[in-house]
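Single-structure report; data block below.
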Amino acid sequence: MTELVIRDADAADIPAIHRLIESAYRGESSRAGWTTEADLLTGQRTDPDELAEIVADPEQAMLTAWDGEDLLACIRIQRQPDGAGYFGMLSVSPTRQASGLGRRMVAAAEDAMARRFGARLIRISVFPQRDTLIAWYERLGYADTGRTLAFDYGNLRLGKALRDDLYFVVMEKALA
Ligand SMILES: CC(C)(COP(=O)(O)OP(=O)(O)OC[C@H]1O[C@@H](n2cnc3c(N)ncnc32)[C@H](O)[C@@H]1OP(=O)(O)O)[C@@H](O)C(=O)NCCC(=O)NCCS
């Protein structure tokens with residue numbers, strides 16, 4: 001592997017980001033990784049229009065990690081109304097997982113949100129069924145707030161649910 005470059009995505013990167021996110025979150029390709037939403041949802045995780053909105057929004061960005069021309073990972077960052085930073089769409093290519101890249105992307109997102117948005121608190125939302133993922137976030141310093149968010153079953157942009165008990169737990173980490 002050549003040296004990894006982490007940079008903000010622009011509009012030209014959207015097709016590659018879309019392929020990466022869908023491959024990591026959904027369907028058989030995602031099962032090559034150690035954690036996936038394939039047992040919870042089918043259909044899309046996002047679409048090119050949503051990704052275009054993210055890269056055009058000054059309150060958001062998509063950080064991307066490149067090995068030459070190959071996109072290996074991405075993470076969406078977002079300023080929240082209360083001043084916290086939020087990240088999502090964290091994706092590592094399923095065949096490149098479990099070598100520290102996910103951890104590196106979370107660190108890059110935390111650093112970017114502290115510098116750009118002045119965030120002192122980072123927030124994420126996770127399906128409670130994903131216990132190994134939650135354990136990983138706990139090792140990264142995130143704690144369950146006890147708060148939950150409803151899953152929007154009517155929004156097929158998020159995918160088509162395979163079960164009727166989906167919701168999110170909200171986890172947070174205070175930055176040092
Ligand atoms: C979540 C994700 C980004 C992690 O990326 P990654 O590159 O594998 O992350 P890292 O290599 O930094 O860390 C992997 C961790 O999982 C652990 N792990 C590896 N295989 C595992 C397994 N089979 N079961 C449980 N944990 C496992 C590793 O020990 C490591 O933990 P550590 O950092 O405490 O040592 C990646 O799995 C992914 O893209 N998943 C699909 C999309 C997704 O679910 N995103 C998050 C939604 S909120």
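Looking at the structure I just gave you, is R19 open to solvent by 50 Å² or more (accessible area, probe 1.4 Å), among the basic types (K, R) and closer than 28 Å to R163 by Cα? Let's see the steps before the verdict.
Values: open to solvent by 50 Å² or more (accessible area, probe 1.4 Å): yes; among the basic types (K, R): yes; closer than 28 Å to R163 by Cα: yes.
Judged against the criteria, R19 is a match.
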Q. Limited to the range 1-25, what total is found for residues that are more than 17 Å from the chain's Cα centre (by Cα) and either among the hydroxyl-bearing types (S, T, Y) or farther than 21 Å from D57 by Cβ (or both)?
A. 5
Q: Please tell me if E50 is of a type in the set (D, E), without any contact (Cβ under 8 Å) to a residue 40 or more places away in the chain, surrounded by fewer than 21 Cβ atoms within 10 Å (Cβ to Cβ) and more than 10 Å from the ligand (Cβ to nearest atom).
A: no
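Conditions tested, residue by residue: (1) on the phi > 0 side of the Ramachandran plot; (2) outside any strand (DSSP E or B); (3) open to solvent by less than 50 Å² (accessible area, probe 1.4 Å); (4) within 13 Å of the ligand (Cβ to nearest atom).
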residue	(1), (2), (3), (4)
R104	no, yes, no, yes
A119	no, yes, yes, no
S125	no, no, yes, yes
P128	no, yes, yes, yes
E138	no, yes, no, yes
G146	yes, no, no, no
R157	no, yes, no, no
Q) If we keep just the residues of the range 27-47 that are closer than 17 Å to C74 by Cα, surrounded by fewer than 20 Cβ atoms within 10 Å (Cβ to Cβ) and not polar (S, T, N, Q), which is nearest to the ligand (Cβ to nearest atom)? A) W34
Q. What about G100, is it free of Cβ contacts under 8 Å to residues at least 12 places away in the same chain, within 13 Å of the ligand (Cβ to nearest atom) and over 18 Å from A114 (Cα atoms)?
A. yes
Q) Within the range 71-81, is there a residue that is open to solvent by less than 30 Å² (accessible area, probe 1.4 Å), at pLDDT 95 or above and not in a strand (DSSP E or B)? A) no
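Given the residues A16, A38, A12, which is the only one that is among the small types (G, A, S), more than 25 Å from D111 (Cα to Cα) and out of contact with any Pro (no Cβ under 8 Å at 6 or more places or on another chain)?
Exactly one residue qualifies, and that residue is A38.
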Q: Say whether the condition of being more than 13 Å from the ligand (Cβ to nearest atom), modelled with pLDDT of 95 or more, of a type outside the set (D, E, K, R) and surrounded by fewer than 17 Cβ atoms within 10 Å (Cβ to Cβ) is met by at least one residue in the range 4-11.
A: yes
Q | Positions within the range 82-96 being in contact (Cβ under 8 Å) with a residue 40 or more places away in the chain and either over 24 Å from L121 (Cβ atoms) or assigned to a strand (DSSP E or B) (or both), in sequence order | A | M89, S91, V92, S93, P94, T95
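The values are calculated or read from the model by the stated rules, or taken from the named source; none is laboratory data. Keep in mind the model is a prediction, meaning the values are calculated, not measured. Note that we place each Cβ from the backbone using ideal geometry, even for glycine, and neighbour counts take in every protein chain shown. Just so you know, the surface numbers come from the protein's heavy atoms only, side chains and all, with ligands and any DNA or RNA stripped out. Shrake-Rupley method; radii C 1.70, N 1.55, O 1.52, S 1.80 Å.
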